[in-house]
Each structure stands twice: as C-alpha cells, then as structure tokens.
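Inspection log for the structure reproduced underneath, given as structure tokens.
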Amino acid sequence: MDEKKNESKNRLLPCYGHNANEETAIFNKRPSWNIEDTIDEKYLEFLAPHSRRYFSRLRPLFSFEVKSLTSLNAFSHVLLQDGVLYLMRFFQRFPTPHGLMSKILIHENLGTLIPKAWKEHILYYRVQGSEATEVSNKKKNLFLYLSFAQFHSDEEAISQLRETLKSYQGKVFVVTNLNILRGEDYLNYDRSFAFNHAHKLFAEIDVEFIDFGNLGSALSTFKLESDFLVFNPYQYWFSDSYLEHYFYNQGISRSPEKSEKFDKGDICESIALGPHHAMVISEDFVASKSTHSFLYEQMQYPHGETFQREPVVDRNIEDYFKVKYSSQALEKLAFSVAKKLRKEA
Amino acid sequence: MSILVIQKKGQSDWKSCQAITSNLHQSYELMGKSIDGEVKTFTIAESITDYEGLSLAHEILELKPKALSFIDHHPHPAPLIRSLKRVYERNKAQAPMLVFHIFGDFVLNCLQWKSIEEELKFFKVQFVSASHKQARLLDSFCRDDRAEVIPFPISDLDYFFSEEVRDKCREKYKLGNEFVFLYTGRLSYQKNITTLLRSFSTFVKNFEQRARLVIAGPMDDLAIPYLGKEALPGTFFFHWEESLLEYGLEEKVLYLGDLNKEELFELYNGADCYISLSTHNDEDYGMSPAEALGTGLPCVLSQWGGFISFAHYFPAMVNLVEVERQRERNLPQVQSAFKFMASQFIQGEDLKERKVSSLNIHDILGIHAISKRLGPLCNPLNRSTFQGFNALFSKLCAQFENNPQSPFRAANGGYGTFYEQVYGDYSKRDIGRDR
C-alpha cells in the first residue's frame, strides 16, 4: 500500500494507513478493550437503533461507555456520538483531560459544551452527503424516523416537523419507536407526551407507518424519489445516529429541512463513510455566545454546585433499575441548554 | 388445465428477486394464453401462520387447480403446504401438483424444507432450478432426480441492444472511446469485488490503453454467514476504499451507486464487457449477467454455480474464469480473469454482431421463450409423487441445526470438507445431463 499517499489524505487525524487500520480493527473488537456493563447495555438499548454499531475510521462510541480516559489512549482518536446530555455528563465526570493522549471528535453544534481545559483535545465533525445526496433537490417522498423519548423534542419542534411533512407531495413513510429505559419500563412515568406529539403531528396528514423490519422493502421501491429525515431537533440524546448512515448508504438524500454549515475554511478534511456521504472534520465549531455565558458564568459548568449531585457511576451494579447515569436535574438543565443551542445555531 | 401461480403480496427486498418474480409471472400469463386452460395469480402475505395457511388452503381447494406454482422466494411455503395436505386429505380431493421455482436460498432454508418432507410426499412435486448446477445440487439432496432447469426469464422489452442508447450512455458518463468493463449487482464480500479490482488492476498494468471499470449496485456488509463471519455496517466500504488505494484505481473505476432498470439498460448498452467473479454459494443463476447478455454484451464470469449454464447456452459470448481453493475460500484465478479480459479487449467491439447476439439470447432466456417451456413442466402426468430427501440433506440440516451461525465452518475457521461435499460441483465445468 502506498502509505505516503494514504497519509497525505489527512492532516488533522491519522485515519488511513496500516497503523490506523490496525487501531480501528482493535477498536471494533469492543470486548477486547471495553467490556459492556449494565450501564452500557441499559443506555445503548435505550438509544437503539441510533446506537447501533457501525464501521468508521473515526471510531464512534457514546461517552457513557468510557470507563476511564486513559483506556482511550489505545487510539489516536475516537468520536463521541453523544448529544447534549451525555456530553455534559462526560465533562462533569472528567472536567480535565488528565492523562489523555487521544483526540476526541464531537459534533460541531456542541462545541460550546467543551470546557476550556479540553479544547486542545477536541476536533469537530459534521455529516455531509455527496453532491447527489445533499440538500439540493427536494424529492417527492419522505422517510421519517421518529423517536419518542422525553426531552427528544417539544411542541415547537413538532410544529416545525409538521410543516416539513406537509411540504412533501408524495408518500410520507414513518418509522417510529418509543424509547424507554430498561428497568424503568414498568414505572408509572408520564408517556402522554408521545401521544400528544403524535396527535399534533399526524392530524390530517396522510402518512404510512411502517415497521423498522419492513423498511428495506419500502426503500427498495421508493428510495430513488425520496428524502430521509432522522428527527433529532435538539441533539439531546445523540448527535450521531447509525440511522443517518444507513439512509445515506441507501443513496437517499437528506431532507432539505435539516440545514448544515458547509463553509469552514481550509482546515478541514473529509473522511468518507460510504459511497454517498462523509464526515467533515475541522478545528472550528458553531459558537453560541449566550449559551456559553449561561453555562460557564451562571451555572459554572462543569464544576459548579449543580454538577456535584450526579449519581456515582457504579459499574458493578447488575440491576437495571438501580443503574442511573444522570440526575433529573442535569437532564432538565441539558434540555434548556439544547434548546438554547438550537436557537442560536 | 388450470394453474395457480403463488407469489408474495408486495415486492421482495432483493432487487434481482423482484425482476425474477415479475418476469416469471409474465411467462406464466403468456403460457396461459397458449394452453387450453387458465392461469390465475394467488398472492399470500409475507408471513403465514398455520391458521392462515388453513384458510388459504380452503380457498385453493375451491379453485380446483391442477398445479400450484410458487414463483417467489419469500415467504417459505412450508405453512401453506402443511395446510394443503390436511385440507386435501380431509376432503379426499385430487391433490394439485406442486411446482417450486427454487431461488438461491434453498440451502439456507433447508430446515424449513425438511420440516415438510412428509407433507410433500402427498403431492407430485417438481423442483425447478434456474441453472444446471443448482439442479444437480437439488438432485444431490433428493432420493430421485427431481429438478428441471428453466432459466429465470429476462424481459424482452427491457433489455435489448440499441446503438443509439449506447452512444447516449457513453456520452452521459463521459466514457469516450474507452473500453468499458462493467459489473452490476450487489457489492459484497460474497461477490469477490476486491478480486475484481485486483484483476482489473493487472489488466491496467499490462495494457496502457484506455479502459474503465464501471460498477453499479448497492454495497452490503454481509460477510460470510456460512462461516459465521459478520461485519459491522460500513465495513465493505472501508475495504472498497482500501482496495482502490492499494491498486491505484481511483481514476479508473467509476462507481455509480444503485441504479434503476432504465439506467441499467443504458449501461449494459454502453459497456463492452460484463464481468463478475462471484463465488457466492447462492449464485444459483445470475440475473445481472442474464440481463447484460440480453443486450448482446459478452461476459467474463467465474466458473461457478449458475454462471456455468450461461457458457453452456452461449459459448461464444461467455468466458469462464477458473476457480481454485485459496486458503479458506474458493476464489477465481486472477491470471485467468486477466487473460479473458485481455482477450475481450483485443477482440474489440462488433456492434452488428452484438445486435444478432442479443436476439439469440432472448430466444433462450426471454419471457416468451421461457413461457413455452412452462406448459409441460406443470403437467401432473409428467411427474411422480415426491420420494423424500436423502442422507446428505439430513446431514446438511443437522449442520444448520447444530451451528445455525456457521454451518459450514471447519475447526480452522475456513470451509470444512462438508462444504466441499455440498458445493464441490459448483466449480466444475461439466453440467451433467442436459435438461
């Protein structure tokens, strides 16, 4: 292999070449370096199918899977698929990058959440379709993936989504799931938000609900004239979903309603994830001044008193009910932050 | 004579199966017009419970068909066959003959076939393979020779040669005067795509002249399920990218993604040689090479499974690349592939000849041609009752029962001797008795 040629492909991260490939192979053999425990199982399952593993030279994982920062030193870089909540919790757990050698990639919209001490260890990513699958021409049909979970969306986002659905002239295929945390599924939690949102969203709109298992069949018939949308308005639970890569790999274009920033200057590079899309890596992120001020000045993130009451991450508990990764207070705060970030983006 | 053609409601997820079922259906309809009787279509749901099967069996009983022909690969007919036997036995009615067009998943579904062995003995049964090799494979599992060969038809209207379309295609993809090798179909480990890239790179190194490899089809991450090897979604693309870099083919390979029927038709016309080096165990036929041949496109194919029948029908148009055991897998010989690629390149294009070839191919593989062969096939007088499966099939089923995740895996991780026993014939050129 022409090592030089491969290495010249990237300036920010060593993604190509023998060493990089070997690291990626080890990363993908997860049990060899990171044994899945109850916390991982509970939250990966909760986030499914967004959390489904996929292959990437950037090595994606969620931060709740990180047992120690130094374990990441086996890899030159990893990518955190976290949304606002888990990222805030991660920096609450690790306010400084003590002992860490690796680079960490986070979504460019979430750059405000990076504490100053971490800046040098962080690079930013965004997903970008190829010319053919990017946001140019709106198609006739839409494949919508809709997750119902607390804090995933709100009435405002649902209203905007409703307008998007109405703008499609052809069929709208909807795949949904109700994300519930294992061990908490029998509790009397309020799930009325899911039905309220569904009622508001689909009233008088003709959509076709399909099972995730039958998605392949519908795609094979309609994909050439369709867009997709993985509805994730606030990037609260996750910023990188397996589903988005799945749809791109089918050659489908992303719904134009989801806008992305493209012009990031010279210091960026593209790592292809499939024939139709890539992740663009840069040193720059989408700055959100007022959120920054709220977080760091008012809330004293990530050291402030509010962040001192998080549950202890005990990896030895086997009872799903007893495992809790974040407090309700942080979950509520993270939702406010997620909304502020979206407003400022 | 009335024939009931049975297929699934809605389309298959597999693109080639969509075309196969649709074309078979058209062949049956044409057959219906030419025989003294009628052909009716009966659609069934994607999955059938035993209760639903009973209800369907009663409906079928009312229709009094002489034969039932199953033309879809999914759902498996087992629940319906069980119900049919019960209903016909209870009503002491004359059981219809069962015709099964067998797809590439027969081995994969062996346990389901085994589960209805006793029920099948109640009927006259005709297995229909699309290729000689698969017919021999099926015969090797049955107590008597049971399989006939009828190729999956290609659409006479969708695939033909047109110089005008060829010119348009070459302009559209800016192919100029380059010699175009074409692969269409799934891009998968199972299809030996990296071996194809390696062979093309050998060709490019030896022939400085202008040539392109054009590839169209969806990428998948099915690794080698028979060996228990799985891959994360996106892994195939990684290997694809690495191979392009390794062989320096980034400028020489044009990947077009997953195309529709019309775009494929254009591409077959625009290309100069179709090439597939697949040694996938389910390569029972090859809808892509069949459609390529339908446009008069010469082919370089691995000497494997269903591809061998194309060389039998069209020896002047199909070159077979020998297959050999390399480490743990059967793989095509790169040198042999190179030799045939070079030979096609040197021969160049003969567009007049191509038009004639296209017509000849439809005389054998076209929907009309196949429709003429279906009548005798569905005649119950030509068939005896099913005698059952044999010991080899029982062993196959045991392998799947004991190791559902890796039924053919040997202790060293590669294919074991039992795989050779089952698929050993797939790499041999001899097709056995002509059918």
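The values are calculated or read from the model by the stated rules, or taken from the named source; none is laboratory data. Because the structure is a prediction, the values reported are computed rather than measured. Cβ placement follows ideal geometry from the backbone for every residue including glycine, while neighbour counts extend to all protein chains displayed. The protein model used for the area step is the full one, side chains on, heavy atoms only, and it has no ligands, DNA or RNA in it. Shrake-Rupley method; radii C 1.70, N 1.55, O 1.52, S 1.80 Å.
Taken over the stretch A:209-236, the criterion of being more than 14 Å from every other protein chain (Cβ to nearest Cβ) and open to solvent by less than 60 Å² (accessible area, probe 1.4 Å) is satisfied by A:ASP227, A:PHE228, A:LEU229, A:VAL230, A:PHE231, A:ASN232, A:PRO233, A:TYR234, A:GLN235, A:TYR236. Taking the criterion of being open to solvent by less than 40 Å² (accessible area, probe 1.4 Å), assigned to a helix (DSSP H, G or I) and of a type outside the set (A, V, I, L, M, F, W, C), the residues of the stretch A:91-110 that qualify are A:GLN92, A:GLU108. Of the helices (runs of 4 or more DSSP H) lying entirely inside the stretch B:1-106, those carrying at least 3 residues that are under 22 Å from B:ALA147 (Cβ atoms) are B:15-34, B:78-90. What is the one condition in (1) more than 10 Å from chain A (Cβ to nearest Cβ); (2) buried (at least 20 other Cβ atoms within 10 Å of the Cβ) that B:PHE236 does not satisfy? Here B:PHE236 meets the rest and fails (1). Residues in the stretch B:263-273 that are farther than 18 Å from B:ASN192 by Cα and either more than 13 Å from chain A (Cβ to nearest Cβ) or without any contact (Cβ under 8 Å) to a residue 60 or more places away in the chain (or both): B:GLU263, B:PHE265, B:GLU266, B:LEU267, B:TYR268, B:ASN269, B:GLY270, B:ALA271, B:ASP272.
Exactly one residue among B:LYS66, B:LYS85 is modelled with pLDDT of 85 or more and either surrounded by fewer than 19 Cβ atoms within 10 Å (Cβ to Cβ) or hydroxyl-bearing (Ser, Thr, Tyr) (or both), and that residue is B:LYS66. Only a single criterion out of (1) loosely packed, with under 14 Cβ neighbours inside 10 Å; (2) in a loop (DSSP other than H, G, I, E, B) is not satisfied by A:LEU181, namely (1).
Within the stretch B:419-435, the set of residues being of a type outside the set (D, E, K, R) and over 16 Å from B:ILE224 (Cα atoms) comprises B:GLN421, B:VAL422, B:GLY424, B:TYR426, B:SER427, B:ILE431, B:GLY432. Consider the stretch A:317-345 and keep the residues that are in a loop (DSSP other than H, G, I, E, B) and free of Cβ contacts under 8 Å to residues at least 40 places away in the same chain. The one that is nearest to A:THR38 (Cα to Cα) is A:LYS324.
Examine the stretch B:246-259 for a residue that is open to solvent by 10 Å² or more (accessible area, probe 1.4 Å), within 20 Å of B:PHE310 (Cβ to Cβ) and away from every other protein chain (no Cβ under 14 Å), and state whether such a residue exists. No, every residue in the stretch B:246-259 fails to be open to solvent by 10 Å² or more (accessible area, probe 1.4 Å), within 20 Å of B:PHE310 (Cβ to Cβ) and away from every other protein chain (no Cβ under 14 Å).
Identify, please: which residue in the stretch B:330-350 is of a type outside the set (D, E, K, R) and not in a helix (DSSP H, G or I) and is, among those, farthest from the chain's Cα centre (by Cα)? Restricting to residues being of a type outside the set (D, E, K, R) and not in a helix (DSSP H, G or I), the top hit is B:GLY348. Residues in the stretch A:147-192 that are of a type in the set (D, E, K, R) and more than 26 Å from A:TYR320 (Cβ to Cβ): 7 in all. Evaluation of B:ARG409 against the conditions (1) open to solvent by 10 Å² or more (accessible area, probe 1.4 Å); (2) farther than 23 Å from B:PRO332 by Cα; (3) in contact (Cβ under 8 Å) with a residue 40 or more places away in the chain shows that the sole unmet condition is (2). The set of residues in the stretch A:13-47 being at negative phi, in a loop (DSSP other than H, G, I, E, B) and within 14 Å of another protein chain (Cβ to nearest Cβ) consists of A:CYS15, A:TYR16, A:LYS29.
Given the structure, is A:PHE247 surrounded by 18 or more Cβ atoms within 10 Å (Cβ to Cβ), modelled with pLDDT under 90 and either under 25 Å from B:GLU242 (Cα atoms) or out of contact with any Cys (no Cβ under 6 Å at 6 or more places or on another chain) (or both)? No: the conditions fail for A:PHE247.
Exactly one residue out of A:ASP240, A:ASP206 is free of Cβ contacts under 8 Å to residues at least 40 places away in the same chain and either surrounded by 13 or more Cβ atoms within 10 Å (Cβ to Cβ) or farther than 12 Å from A:LEU144 by Cβ (or both): that is A:ASP206. Within 27 Å of B:LEU264 (Cβ to Cβ), within 14 Å of chain A (Cβ to nearest Cβ) and under 19 Å from the mean Cα position of the chain (by Cα): is that true of B:GLN11 in this structure? The answer is yes for B:GLN11.
The single condition among (1) touching a residue at least 24 places away in the same chain (Cβ under 8 Å); (2) within 23 Å of the chain's Cα centre (by Cα); (3) surrounded by fewer than 17 Cβ atoms within 10 Å (Cβ to Cβ) that A:GLN169 does not satisfy is (2).
Of all residues in the stretch B:195-214, those satisfying the criterion of being among the small types (Gly, Ala, Ser) and in contact with a helix residue (DSSP H, G or I) (Cβ under 8 Å, 6 or more places away or on another chain) are B:SER199, B:ALA211.
If a residue must be open to solvent by 60 Å² or more (accessible area, probe 1.4 Å) and part of a helix (DSSP H, G or I), how many such residues does the stretch B:371-402 contain? Of the residues in the stretch B:371-402, 9 are open to solvent by 60 Å² or more (accessible area, probe 1.4 Å) and part of a helix (DSSP H, G or I).
When we screen B:ASP282, B:ASP272 for residues that are closer than 21 Å to B:GLU163 by Cβ, of a type outside the set (A, V, I, L, M) and in contact with an Asp or Glu (Cβ under 7 Å, 6 or more places away or on another chain), the only hit is B:ASP272.
The helices (runs of 4 or more DSSP H) falling completely within the stretch B:129-223 that include 3 or more residues that are buried (at least 20 other Cβ atoms within 10 Å of the Cβ), under 17 Å from the mean Cα position of the chain (by Cα) and in contact (Cβ under 8 Å) with a residue 12 or more places away in the chain map to B:132-139. Taking (1) open to solvent by 70 Å² or more (accessible area, probe 1.4 Å); (2) more than 14 Å from chain A (Cβ to nearest Cβ); (3) within 29 Å of B:GLN399 (Cβ to Cβ) in turn, B:SER34 satisfies each apart from (3).
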